[in-house]
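Here is the structure we will look at, set down as structure tokens.
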Amino acid sequence: MRLCFEQVQPVASDIVTKAKEEAVVWLNLHGCLPDSPIVSIPATVEVPVWSTPPAHALKCNIGATWSESSHVSGAGWIIRDSVGKVLSHSRRAFSGVASSTHADLLALSWASAAVIDLKLKNIMFEFSSVKAAGALNNPLEHPLSYHLCHEVINNVYSLTKSGLFLAPESCNVAASAIATSVTKDQRLQSYIAFGGPHWLSVVLLQEAI
């Protein structure tokens, strides 16, 4: 690459392109970029609803919401087993959040780190942000989100038999409702609890059937 050694003024786009090419080579050499997409995107389902994970697996649904006026985001996750039983759930508020995609990636990073702390495995992480999925599948094309993408990917791949899955919003109702309670109802206190929230018991029971 020509820089000051040849006394030639580099073009910014050339520098960015070259940097991306070298980054891809480095990441591939160190096994940081898998051959297949990071996020599995399912085929269109006619009537999408939440479904139980396979036997011996757990499903962690993750929701996020963002307030453009206050730059506060809410995040929620809920973990269920193969019969639809809720094992635990959590809620958290974040401040200084720049965008909805930033909020989604913060929620994914926080939730996957929590699962690591809980020492769980065989986790299907489901979320509904198409933009976050795009950033995770092409982190080098999203430099502002690269650090968070790296955290999410590292967290998920450190868990045995776990992966990220994009799901329609209708499959992510419970986690989204928990997250929305932060920005809509100003429930800013973070917590983690066993079982599911009582105010979502009807939804959780219907989805478990």
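All of the numbers you see were taken from the coordinates with simple rules; none came from a lab. None of these values were measured; they are calculated from a predicted model. Backbone-built Cβ (ideal geometry, glycine too); neighbour counts: all protein chains shown.
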Checklist outcome for this item: If every Lys and Arg gets +1 and every Asp and Glu gets -1 at its Cβ, then about the Cα centre the range 36-208 yields a dipole, in debye to the nearest 20, of 420
Checklist outcome for this item: Final fewest-first order of E126, E151, E68 on the 10 Å Cβ neighbour count is E68, E151, E126
Item to check | Proxy reagent accessibility, fewest Cβ within 10 Å first, across S162, S82 | outcome: S82, S162
Next on the checklist: Are there any trypsin sites (Lys or Arg not before Pro) in the range 85-158 that are in a DSSP loop and have at most 10 other Cβ atoms within 10 Å? List them by number.
Outcome noted: K119
Checklist outcome for this item: Quick note, the range 125-171: a/c under 1.5 would make it rounded; otherwise a/b > b/c is prolate and the rest oblate (a ≥ b ≥ c, C-alpha gyration tensor); here it is oblate
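Among rounded, prolate and oblate, which fits the range 36-208 when a ≥ b ≥ c are the square roots of the eigenvalues of its C-alpha gyration tensor, a/c under 1.5 means rounded, and a/b larger than b/c means prolate?
rounded
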Next on the checklist: Can you tell me the convex hull volume per residue for the range 97-192, based on C-alpha atoms, in Å³ to the nearest whole number?
Outcome noted: 104
Checklist entry - Counting other C-beta atoms within 10 Å, which of H102, H56 has the fewest, and how do the rest follow? => result H56, H102
